[in-house]
Amino acid sequence: MPDARLISRAEPPGAPISPNKLRFLLLGTFGGLAVGGALAFAREAADRRIRQAADVETVTGIPVFGFLPKVSRWRGLQPQDYPVKDPHSRFGTPSCASIPPSAPPSRRIANR
């Protein structure tokens, strides 16, 4: 017979010892936020696209007078023709406002 004896009976624990769900939840949340923030910062730093008027002025050194907004449908017109065909629209007003009324017609058309 082996040389073993019973000291006390084994009892199941009252709560699981592992995994600690709260610790994993907190580590996962903060770790995910840190990695996501770092990736967003890296992506923004690597983006070389121009998005604002200040970006255009910084890159070119030329002041910006206005932008044409993105339009899904131009109703058969090219963007450069829109201020001529409909000068009182939101697309025509900014470009025509910078041209003095005393300018000859050829200059008005050239400065669309």
- line: Quick count over the stretch 26-66, residues being β-branched (Val, Ile, Thr) and exposed (fewer than 10 other Cβ atoms within 10 Å of the Cβ), is 1
message: Any residue that is surrounded by fewer than 10 Cβ atoms within 10 Å (Cβ to Cβ) and modelled with pLDDT under 75 - is there at least one of those in the stretch 76-87?
response: yes
- prompt: In the stretch 13-49, what residues are within 30 Å of Val59 (Cβ to Cβ) and part of a helix (DSSP H, G or I)?
  reply: Gly36, Gly37, Ala38, Leu39, Ala40, Phe41, Ala42, Arg43, Glu44, Ala45, Ala46
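The values are calculated or read from the model by the stated rules, or taken from the named source; none is laboratory data. Because the structure is a prediction, the values reported are computed rather than measured. Positions of Cβ are backbone-derived with ideal geometry, glycine not excepted, and every protein chain shown enters the neighbour counts.
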